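Take a look at the structure set out below.
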Amino acid sequence: MKLETFEAIATAIFIVMGFAVGLRMLLLARRTRELPELTLGGGLFLIVGLGYPLFLSAALAPNVSLTTGRLLAGSAAVLMNFGWWLICLFTWRVFRPDAAWARVVGAVCGLSLAALTVARFVDVAQVSERVQFIWSSPSMTATRVFALAIYVWTGVEALLCHARLKRQLALGLIEAVVVNRVLLWAWVAACCFTSVFVGFFAALIGVGIQHMALVRLLTSIAGLGCGLALYLAFFPPRFYLRRVAGATA
Amino acid sequence: MSQAYQEFCRQIETCASLSDLQAMGTARILVKEAGLDSKTATSAKLSVVASKLLPRQLELLGVAGSDGVAAKVNAALAAIAPGAAAANAPEAVFRRLGGTV
């Protein structure tokens, strides 16, 4: 299979799963009126379902003018930065609801991502070619640092929670599928981290065009891993549920 | 601390004739070993802890008739309402996230 084909399939799976899971969580939030599903659903929907396709379209879609590209890139920045803040809120409210430091992290992330959105608009306005939308700029580098930090926090909290829930599982106090879902959420965070980190690191070391294929391959693999983890966590097929339940029976 | 957890501590203290500090320490060890949170632990879950983990812990403390003590604690916990898990405890959230919309 050609790299371009694999990249297209992996990216499509990632976007479709982010869109579907985000929408499902938002519908769930409408019924339950609870904050965790609202923040998780909103975050996934805005980052993966809407923001990422706009970001890619701004730079890579054919027959798009520079003005339209600027509009798309700016919109993507608003959606994705707000989405990252929602994921940060989800991690705070679910894993550290009583911790004062977590409240501070949530507030700092919100204010910083808002400021970075404005900075991104300034950068986008100065771009002379559409392909530069995916190149690194000071605002994009800083945004990626915040996104990476949010994914690390989310992943670590999910792994800590998973370790605790495994002890409940050993006593039969919790369903195996719930414990597995927490582990898959940590996997989603790890894949998203990898996806952002590859681009961040490539930009940081100024990777040449001859290595861009490797960057795209790694990003695609991370996106595919994230899409599959979202599928297994939130739309698990019956065979997978049986396997998870059987592993602990 | 949840109401069930407070009752759990009180029953360990009374039924095993331990000091309040010993009872609280024992409860804390057990809850940690079971992966529970003292703020959200329900009587249903603590009842399982009392059955499966408490006897061994009481033996370590040299309490005679640990099985009988655990049964008394369990009976006291059964008398109070099982209690719903806190809606926003991580396990409750992740259970809900897999539910129907």
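Here, each number is a calculation from the coordinates, and none is a lab measurement. Since we're looking at a predicted model, the values are computed, not measured. Here the Cβ positions follow ideal geometry from the backbone for every residue, glycine too, while neighbour counts run over all protein chains shown.
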Put +1 on the Cβ of each Lys and Arg and -1 on the Cβ of each Asp and Glu in the protein assembly as shown; which of A:LEU89, A:GLY41, A:ALA77 then has its Cα farthest toward the positive end of the dipole? A:GLY41
Order of A:HIS162, A:HIS211 - criterion: other Cβ atoms within 10 Å of each residue's Cβ, fewest first: A:HIS211, A:HIS162
Considering only A:GLY41, A:GLY110, A:GLY49, give the residue with the highest GNM mean-square fluctuation for chain A, with springs between Cα atoms whenever their separation is below 10 Å. A:GLY110
The size of the Cβ-based charge dipole (Lys, Arg +1; Asp, Glu -1) of region B:3-97 about the Cα centre, to the nearest 20 debye, is 280 debye
Identify all lysines with a Cα-Cα distance to B:LYS72 below 26 Å; exclude those on the same chain that are fewer than 8 residues away in sequence. B:LYS32, B:LYS39, B:LYS45, B:LYS52
q = 0.16 Å⁻¹, region B:3-97: log10 I(q)/I(0) [Debye, one scatterer per Cα]: -0.59
Picking from A:PHE14, A:PHE235, A:PHE82, which is most flexible by a Gaussian network model of chain A using Cα springs under 10 Å? A:PHE235
Note: A:183-190 gets an average of partner chain Cβ contacts (10 Å, Cβ to Cβ) equal to 1
Of the DSSP H helices in chain A, the ones reaching 20 Å or more along their long axis in Cα terms and averaging at least 1.0 in Kyte-Doolittle hydropathy are A:3-32, A:66-95, A:100-126, A:176-204, A:212-234
Please state the relative contact order of chain A as a whole percent: Cα pairs under 8 Å, 6+ residues apart? 22 percent
How many times 2.2 N^0.38 Å is the alpha carbon radius of gyration of region A:3-240? 1.03
Roughly how many debye, to the nearest 20, is the charge dipole of the protein assembly as shown about its Cα centre, given +1 on each Lys and Arg Cβ, -1 on each Asp and Glu Cβ, and no other charges? 460 debye
Percent breakdown of C-alpha pair distances by 10 Å bin, ordered from the shortest bin, for region A:1-124: 14, 34, 33, 16, 3, 0
Theoretical ellipticity at 222 nm over chain A - DSSP helices of four or more residues, -39500 (n - 2.57) apiece, nearest 500: -28500 deg cm²/dmol
Given the alpha-carbon gyration tensor of region A:89-147, what are the semi-axes of its equivalent ellipsoid in whole angstrom, ordered largest first, with each equal to the square root of 5 times an eigenvalue? 31, 10, 7
